[in-house]
Amino acid sequence: MLPQGCDEIFLVTSDFHMPRSAYLFEAVFASKDMIVSVVQHPARSGCQVVQATSEQQSGKSSVSTINGQSAVVRARNEAHFIKHEVVQIGLREHILGTQIPPLPHWSLELAESQIQECLLQLRAQ
């Protein structure tokens, strides 16, 4: 999975996607009994903060228009996914044929608090 002796990775993804991504990377490494530090480097998403259409504001737009969603909508969708789906669905279907046990509950709570902080920052813009 990683070169021998590798004990640290740098995870770079959009700010609103970082909490879920970090949780999933850490869960996969733990499931393989690997001790790997996931160093987070969130990048500003570049999404518009506010969106005009009601379909996009509701977060119910199709996958094909996800890149047109506002940063607030995408962060809100991430918050929902972390709270309701990452353990129940994401860990079972993330890597086909691989069972990934959930991390301790505090780790999921940390991901939830990180995405809530991201939402607060976006709404303050």
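Summary table below
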read-out	value
Qualifying residue in the range 89-103 (condition: part of a strand (DSSP E or B) and either open to solvent by 30 Å² or more (accessible area, probe 1.4 Å) or at pLDDT 70 or above (or both))	no
Filter result (of a type in the set (D, E, K, R) and at pLDDT below 90) within the range 1-19	Asp15
Any hit, the range 67-87, residues being modelled with pLDDT under 75 and open to solvent by 60 Å² or more (accessible area, probe 1.4 Å)	yes
Test result for Ser58, loosely packed, with under 11 Cβ neighbours inside 10 Å, modelled with pLDDT under 70 and farther than 15 Å from Leu24 by Cβ	no
Subset of the range 1-33 (residues that are charged (D, E, K, R) and under 24 Å from Glu85 (Cα atoms))	Asp15, Arg20, Glu26, Lys32, Asp33
Filter result (within 7 Å of Val38 (Cα to Cα) and open to solvent by less than 30 Å² (accessible area, probe 1.4 Å)) within the range 9-21	Ile9, Leu11
Subset of the range 22-35 [open to solvent by less than 20 Å² (accessible area, probe 1.4 Å) and under 15 Å from the mean Cα position of the chain (by Cα)]	Ala22, Tyr23, Leu24, Ala27, Val28
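The values are calculated or read from the model by the stated rules, or taken from the named source; none is laboratory data. These numbers were taken from a predicted model, which means no experiment stands behind them. Note: ideal-geometry Cβ built from the backbone for every residue, glycine included; neighbour counts use all protein chains shown. The area values use the complete protein model at the heavy-atom level, side chains included, leaving out ligands, DNA and RNA. Shrake-Rupley method; radii C 1.70, N 1.55, O 1.52, S 1.80 Å.
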